[in-house]
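Data block below; observations after.
The values are calculated or read from the model by the stated rules, or taken from the named source; none is laboratory data. None of these values were measured; they are calculated from a predicted model. Every residue, glycine among them, receives a Cβ derived from its backbone with ideal geometry; neighbour counts consider all protein chains shown. Quick note on the areas: whole protein, heavy atoms, side chains included, nothing else; ligands and nucleic acids left out. Shrake-Rupley method; radii C 1.70, N 1.55, O 1.52, S 1.80 Å.
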Amino acid sequence: MANPHTTPATATPPAAGHDTHGGHGVIGHVDSPGLLFVVFLVVIGLFAANVAMSTSGALGKYTLFAQLAIGAVQATFVGLYFMHLRHGDKVVVLTALASVFWMGILFVLFMSDYMTRNRVMG
Amino acid sequence: MTTAVTTAGPKIAPVPPEPPPAEPNYLNVSYSLWSWLTTVDHKRIGLLYLISISVFFVAGGVAAGVVRLNLLSPDGAFVNEDTYNRAFTGHGVLMLFFFLIPAVPGVLGNFLIPMMIGAKDLAFPKLNLASWYVFMVGAGFGVWALLAGGIDTGWTLYPPYSSRSSTSNVIPGVFGVFISGFSSIMTGLNIMVTVHKMRAPGMTWGRLPLFVWSLYATSLIQLLGTPVVAITTVLLMVERVAGIGIFDPMIGGDPVLFQHLFWFYSHPAVYIMILPGMGVISEVLTCFSRKNIFGYHAVAWSSMGIAVVGFLLWAHHMFVAGISFYSALLFSFLSMLVAVPSAIKVFNWTGTLYRGSITFQAPMLFGLGFVVLFVIGGLTGLFLATLGTDIHLHDTYFVVAHFHFVMVGGMVLGYMAGIHFWWPKMFGVMYSDWWSRVAAAIIIVGFFLTFVPQFVLGYHGMPRRYPNYPAEFQVYNVMSTAGASILGLGYLLPAFYLPLSLVFGKKAGANPWSATGLEWVSPSPPPLFNFDEANMPVVVCGPYEYALGVDQLGRGLPPGPGLGEANDPASKSEAPAAPGPMKKETEVVG
């Protein structure tokens with residue numbers, strides 16, 4: 001059943017090109033499929049690099065940091081392109097950053113255990 | 001704005017005439033099964049959740065019955081140890097993931113949030129329906145796991161047992177939890193966007209009902225926490241299926257890592273379960289004490305405080321799991337902090353009740369039961385947050401009792417209060433007042449008899465999840481099982497009188513409790529889009545103006561059942577002022 005409250009009174013025809021707005025105020029199809037495909041290939045390429053790095057051990061003790069850095073770059077690509085944060089308004093970007101901050105809480109309190117586990121009290 | 005008012009004020013607004021019954025209403029607009037399975041009406045989806053979770057509640061209750069009956073004898077009364085393990089795991093998984101988490105957001109949140117804020121539906125009606133289907137797919141996997149023999153890991157699914165040793169149906173059970181998590185995210189997202197974007201004119205943040213505030217805070221936890229447990233369950237499945245070492249120390253993993261990730265969600269999940277119940281209680285206590293809420297902003301912000309602080313204290317579940325002393329100290333301190341917003345709520349509820357014109361209909365009995373049991377559950381939580389006492393009490397029946405005081409005494413009673421409070425609105429009929437009061441009394445008495453002995457058992461060292469115990473513990477276990485029987489009887493009563501009310505119940509008016517919220521403006525049951533198309537609500541005041549005797553549209557309140565004019569605060573203009581120091585009875589918010 002249709003819901004008039006969530007159905008826009010006047011439908012705006014999508015403009016050709018970029019930065020079109022749908023009826024719900026959601027930005028749609030802001031990036032071309034070609035660009036998204038390139039980003040997809042980059043993310044998959046970084047994934048392959050990460051797997052290769054974990055098996056080769058070429059970076060020694062720096063492997064973990066390199067892998068985390070690659071993961072961060074992948075997440076950034078996903079956020080900026082697939083989640084359209086590049087075109088998001090301030091509230092959307094702030095929300096995304098808040099979730100990163102939230103993950104920071106997990107990591108910081110989590111590391112409070114791992115980094116002090118071998119210290120002896122007293 | 002804060003305005004002092006007294007009980008002796010003029011009747012400031014006339015009582016509006018009873019709105020005519022909605023034709024059609026959301027129940028009779030169509031009758032086919034297809035129309036229900038494809039509905040995008042938030043009220044119908046709420047009822048779909050109601051039916052689903054009721055089934056899981058019964059199934060979880062049966063599993064609890066198996067556990068309690070088996071504990072009648074020190075050596076196990078009638079099932080073997082493996083079956084016992086599967087019974088308590090089934091009880092935990094069903095109750096937590098398929099009843100407690102979706103109960104209030106899925107049923108009452110779906111049904112009431114749009115009505116309370118003056119909207120026609122949730123922001124994403126199709127996503128709302130999708131959330132129910134996703135929930136049912138997840139539940140289907142859970143049922144598969146149970147029918148195939150169950151899971152024996154405990155609901156916490158700790159590896160390496162769950163990933164390496166268990167021969168039970170871990171994968172379908174965990175996959176069901178994983179899938180149902182998406183339903184939780186969808187519901188949280190929908191409620192959050194709806195509250196932000198679809199409030200009626202005049203419905204400012206300071207005029208939102210506290211139920212809405214509590215579900216907003218709940219949605220925040222659902223959005224931020226659920227993805228973590230989703231990924232954790234995926235990692236568990238990967239380890240179990242592919243043998244990749246993540247949590248199992250035999251293959252290079254760390255079992256404490258699982259506990260960190262699991263509790264990062266699962267402790268806040270406790271607040272996913274209890275916060276909506278707190279919202280219900282704020283609505284019920286104000287209505288049945290005919291008082292404005294005491295400290296509106298404090299109660300509203302304490303919900304947000306619980307949501308935020310609740311994320312900072314997960315490792316108090318792991319004090320004896322091998323985490324560092326320093327970290328344990330930090331988490332012990334942080335765990336104490338959550339008592340602050342919780343206590344703010346309880347003190348403000350108590351302040352609301354003070355000098356109220358209290359009546360004891362079933363929702364109020366459940367509500368008062370909630371407050372008492374939640375206080376006990378919360379205070380015993382402080383025992384477990386304290387490092388020293390937790391080492392003594394960890395993994396004993398003390399924890400089981402504490403958890404059930406919060407989850408059953410708190411959340412289930414909150415849910416029951418909500419169902420009884422809004423049942424007339426949902427179905428347009430009144431249930432048996434007498435039987436509902438009897439059910440509330442039986443449930444509360446049965447609850448105490450079930451779980452108080454478990455505090456004693458736990459303090460004396462009986463571990464949780466053990467099928468056998470020393471003979472000196474038998475008397476407490478028999479008491480607990482007897483209490484569970486009474487509790488079960490109490491739960492059975494609503495299963496009869498609520499459905500019977502649909503056939504035999506008296507017709508309910510639009511506002512049978514003389515409550516102030518926007519949801520009571522519409523006829524009962526509500527029309528398809530909640531409000532009269534030509535007369536959408538414009539909010540003029542806060543949500544609990546019982547002192548002034550007006551609803552959120554500024555209209556007078558009808559007398560409630562059994563209350564009459566004598567209990568209508570707006571009609572007390574001729575009554576002499578009550579003795580005592582408290583002249584400023586309440587505040588006007590918004």
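Does B:S35 fit the bill of being over 23 Å from the mean Cα position of the chain (by Cα), among the polar types (S, T, N, Q) and part of a helix (DSSP H, G or I)? Spell out the reasoning first.
On the way: over 23 Å from the mean Cα position of the chain (by Cα): yes; among the polar types (S, T, N, Q): yes; part of a helix (DSSP H, G or I): yes.
The answer is yes for B:S35.
Per-residue answers, yes or no, for (1) hydrophobic (A, V, I, L, M, F, W, C); (2) closer than 30 Å to B:V170 by Cβ; (3) at pLDDT 95 or above; (4) buried (at least 20 other Cβ atoms within 10 Å of the Cβ):
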site: B:T2; (1), (2), (3), (4): no, no, no, no
site: B:I12; (1), (2), (3), (4): yes, no, no, no
site: B:P19; (1), (2), (3), (4): no, no, no, no
site: B:L27; (1), (2), (3), (4): yes, no, no, no
site: B:H42; (1), (2), (3), (4): no, no, yes, yes
site: B:V62; (1), (2), (3), (4): yes, yes, yes, no
Check A:R119 against each of (1) open to solvent by 80 Å² or more (accessible area, probe 1.4 Å); (2) within 14 Å of chain B (Cβ to nearest Cβ); (3) over 30 Å from A:P33 (Cα atoms); (4) part of a helix (DSSP H, G or I) and name the one condition it does not meet. (4)
Which condition does B:D254 not pass, out of (1) free of Cβ contacts under 8 Å to residues at least 60 places away in the same chain; (2) of a type in the set (D, E, K, R); (3) away from every other protein chain (no Cβ under 14 Å), if it passes all the others? (3)
Please state which of the following conditions B:V399 fails to meet, knowing it meets all the rest: (1) assigned to a helix (DSSP H, G or I); (2) β-branched (V, I, T); (3) open to solvent by 50 Å² or more (accessible area, probe 1.4 Å). (3)
On the given criteria, is B:E545 acidic (D, E) and free of Cβ contacts under 8 Å to residues at least 12 places away in the same chain? no
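Tally time: how many residues in region B:69-128 are acidic (D, E), under 25 Å from the mean Cα position of the chain (by Cα) and away from chain A (no Cβ under 14 Å)? Working first, answer last.
First, pick out the residues of region B:69-128 that are acidic (D, E): B:75, B:81-82, B:121.
Checking which are under 25 Å from the mean Cα position of the chain (by Cα) leaves us with B:121.
The next check asks that each one be away from chain A (no Cβ under 14 Å); those that pass are none.
Number satisfying all stated conditions: 0.
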Could you check region B:308-366 and list, in sequence order, the residues that are of a type in the set (F, W, Y) and open to solvent by less than 30 Å² (accessible area, probe 1.4 Å)? B:F311, B:W314, B:F319, B:F331, B:W349, B:F366
Taking B:G150 and the conditions (1) open to solvent by less than 10 Å² (accessible area, probe 1.4 Å); (2) modelled with pLDDT of 95 or more, which numbered condition does it fall short on, given that it satisfies the others? (2)
Within the bounds of region A:60-69, is there any residue that is over 26 Å from B:L261 (Cβ atoms), more than 11 Å from chain B (Cβ to nearest Cβ) and surrounded by fewer than 15 Cβ atoms within 10 Å (Cβ to Cβ)? yes
Please give the number of the condition B:T386 fails out of (1) in contact with a Lys or Arg (Cβ under 6 Å, 6 or more places away or on another chain); (2) open to solvent by 20 Å² or more (accessible area, probe 1.4 Å). (1)
Working carefully through the options B:G418, B:G458, B:G428, find the one that is in contact with a Ser or Thr (Cβ under 7 Å, 6 or more places away or on another chain), more than 22 Å from B:T389 (Cβ to Cβ) and of a type in the set (G, A, S). B:G428
Give me the residue from region B:129-147 that is open to solvent by 30 Å² or more (accessible area, probe 1.4 Å) and within 27 Å of B:Y84 (Cα to Cα) and, out of that set, nearest to the other protein chains (Cβ to nearest Cβ). B:M136
Odd one out for A:H84, checked against (1) within 30 Å of B:A321 (Cβ to Cβ); (2) surrounded by 10 or more Cβ atoms within 10 Å (Cβ to Cβ): (1)
Counted residues in region B:443-463 being open to solvent by less than 40 Å² (accessible area, probe 1.4 Å) and part of a helix (DSSP H, G or I) come to 11
Mind telling me which of the residues A:V108, A:V92 ends up being open to solvent by 40 Å² or more (accessible area, probe 1.4 Å), without any contact (Cβ under 8 Å) to a residue 24 or more places away in the chain, within 14 Å of chain B (Cβ to nearest Cβ) and under 13 Å from the mean Cα position of the chain (by Cα)? A:V92
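What's the total number of residues in region A:69-84 that are in a helix (DSSP H, G or I) and either at pLDDT below 90 or of a type outside the set (A, V, I, L, M) (or both)?
7
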Tally up the residues in region B:347-363 that are touching a Lys or Arg at 6+ places or on another chain (Cβ under 8 Å) and either assigned to a helix (DSSP H, G or I) or within 14 Å of another protein chain (Cβ to nearest Cβ) (or both), please. 3
Do the conditions hold for B:P74, that is, is it crowded, with 24+ Cβ neighbours inside 10 Å and touching a residue at least 40 places away in the same chain (Cβ under 8 Å)? no
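Quick grid of which residues meet (1) surrounded by fewer than 19 Cβ atoms within 10 Å (Cβ to Cβ); (2) at pLDDT 95 or above; (3) in contact with a Cys (Cβ under 8 Å, 6 or more places away or on another chain):
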residue: B:R465; (1), (2), (3): yes, no, no
residue: B:V475; (1), (2), (3): yes, yes, no
residue: B:G490; (1), (2), (3): no, yes, no
residue: B:S501; (1), (2), (3): no, yes, no
residue: B:S522; (1), (2), (3): no, no, no
residue: B:F529; (1), (2), (3): no, no, no
